[in-house]
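Working notes for the structure below.
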Amino acid sequence: MTDKKPFEIARETLKQITARKLVPTPVNYQTIYNEIAGMPNVQPFPEEPLRRIAQALPARNPGQEKQRSLLEYAIGQRNWSGVHNALVAYGGFAGAGSGDSAPAPLAAAPVPSPALTPEFFEQIARLIEYTRPALGEDDGRFQEQLQQIVKSLRDPAAESYKVKAMLADFSHRLSFAAEDQAEIRATLLKLLHLIIENIGELSLDDSWLKGQTDALKEVAQPPLTLRRLDEVERRLKDVIFKQTEAKGRALEAQEELRQMLATFIERLSQMSESSSAYQGKMEESMRQLEQAKKIEEIAPVLKEVIGATRLMTSESLGVRDELRAMREKTQATEAELVKLHRELDRVSAQARHDTLTGALNRQGLDEAMNREVSTVKRKDTPLSVALLDIDNFKKLNDSKGHETGDAALAHLATVARECMRPQDTLARYGGEEFVILLPDTPLDKGIEAMTRLQRELTKRFFLAGNEKILITFSAGVAQLAAGESGADAIKRADQAMYLAKRAGKNRVIGA
């Protein structure tokens, strides 16, 4: 290895590229630099060409399909040994069911078994039984036919041609049943939309419900899955709770107003009676004064007039104070009701979603993670957790401003949602970090999904004004292990993401 300093090697490299009339590509630069520095010239891993080769490989039998998947996984891991082993093993399955005159495989090809075996009929019987819950039990004739064909499929003495005829008739009826179920599902979805719209119509002031009903309509769009229906149920419960709270307070305010009006009318009646009595008393006192002959006869009359006046004044002041107190109480109730509406709106909007990107926030992620972990335990299905972090985000923020940085986050979230399946979940983990939950997905498929997202981002440039900016991210993917918590899986994915950053960014590494 040379004793030259790096900047001297770099300068000499540029001179050599010019002298040799080479194209100044990164590969040529690296080759000349290593030559001058006395370092071994290790070529970069050709990930994209290898992926194209893997995708072009045919999968004519299960063995080839498995080895092609292992090849794609090894390419994602940048593992030359894994690439070599997968290609060698793939060649061993070249003669298995391919129909070509290929050389004998390295491993013995599986011996083909007869097509119509009891195991084959048993698989068809199980397939029919698995469709039963989705088709309902309203059609008794259809259910009877289903039971008969399952029984025939499991009968060793059944004749194949009869079973074939029963299957043909059953498939015909099955198509009608499936169409009915699809129509029922579409009709139920329409009814759900009507209910959502009527929730807003029934409210006296539907402006505070608009955000909730819009969110319900969005999540109730097809294709529907159990996870999306769970989300509809949760949002609908939020709306019902909000309506109940607001309706209760509104009824309280109405009752207080009704009581105030009733009291006001009662007090007016009392004031009217008191005024009439006072008026009568005044008229009587005037007659007594007119009939008085001596000063001694005037004094008692004046005393009664003063007493009646004081009583009238006292009653008027009491009614005034009581009405004033009731008015202040009603105003306080109305202000509390307005505050309640605003608070419910704020909590509803901020409870589970990030306002900038529309993705779930940390609370929403915790709830989604708990649901997915419960599903894994109940169904024993794989769950992959991906944590991705935008590359060079601080540089983008500093050079283009925070508004551009926020727009870049929203751009990534939009592209991610378009690439995700309906059952996947996107959440903003913090800053420029996002978490994606991938149910029913093993580790290798999770890595493939994040790699596809990276490729999609290279096609969808982010625009900062008129300038095109390429947004990339580094990601780590972890598959939930048995007995592992969701938080621990995210932690492992975070560690893998850190390794991806260290390895050069814009790559995906499995934990």
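A few notes on this one:
- Qualifying residues in region 422-472 (those that are touching a strand residue (DSSP E or B) at 6+ places or on another chain (Cβ under 7 Å) and in a loop (DSSP other than H, G, I, E, B)) - the one farthest from Lys379 (Cα to Cα): Phe461
Condition check ((1) among the hydrophobic types (A, V, I, L, M, F, W, C); (2) closer than 18 Å to Glu448 by Cβ) across all residues:
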residue	(1), (2)
Val23	yes, no
Tyr29	no, no
Ile36	yes, no
Arg52	no, yes
Gly92	no, no
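- In region 72-82, of all residues being under 32 Å from the mean Cα position of the chain (by Cα) and hydrophobic (A, V, I, L, M, F, W, C), the one that is surrounded by the most Cβ atoms within 10 Å (Cβ to Cβ) corresponds to Ile75.
- In region 343-362, the residues that are at pLDDT below 75 and exposed (fewer than 11 other Cβ atoms within 10 Å of the Cβ): Arg346
- The single residue among Ile128, Ile196, Ile149 that is assigned to a helix (DSSP H, G or I), surrounded by 11 or more Cβ atoms within 10 Å (Cβ to Cβ), among the β-branched types (Val, Ile, Thr) and modelled with pLDDT under 70 turns out to be Ile196.
- Hits in region 458-484 - residues which are within 24 Å of Arg502 (Cα to Cα) and among the small types (Gly, Ala, Ser): Ser474, Ala475, Gly476, Ala478
- Which numbered condition Asn370 misses (of (1) of a type in the set (S, T, N, Q); (2) in the same structural domain as Leu480 (by TED's automatic domain parsing); (3) within 23 Å of Phe461 (Cβ to Cβ)): (3)
- Residue in region 433-447 that is among the small types (Gly, Ala, Ser) and surrounded by fewer than 21 Cβ atoms within 10 Å (Cβ to Cβ) present: no
- For region 377-411, taking the residues that are in contact with a Ser or Thr (Cβ under 6 Å, 6 or more places away or on another chain) and surrounded by 18 or more Cβ atoms within 10 Å (Cβ to Cβ), the one that is farthest from Tyr498 (Cα to Cα) is identified as Leu409.
- Among the helices (runs of 4 or more DSSP H) confined to region 1-100, there are none with at least 1 residues that are at pLDDT 85 or above and of a type in the set (Phe, Trp, Tyr).
- Residue check, Glu159 modelled with pLDDT of 75 or more and more than 40 Å from the chain's Cα centre (by Cα): yes
The values are calculated or read from the model by the stated rules, or taken from the named source; none is laboratory data. These numbers come from a predicted model, not from an experiment. Here the Cβ is made from the backbone with ideal geometry for all residues, glycine too, and neighbour counts use every protein chain on show.
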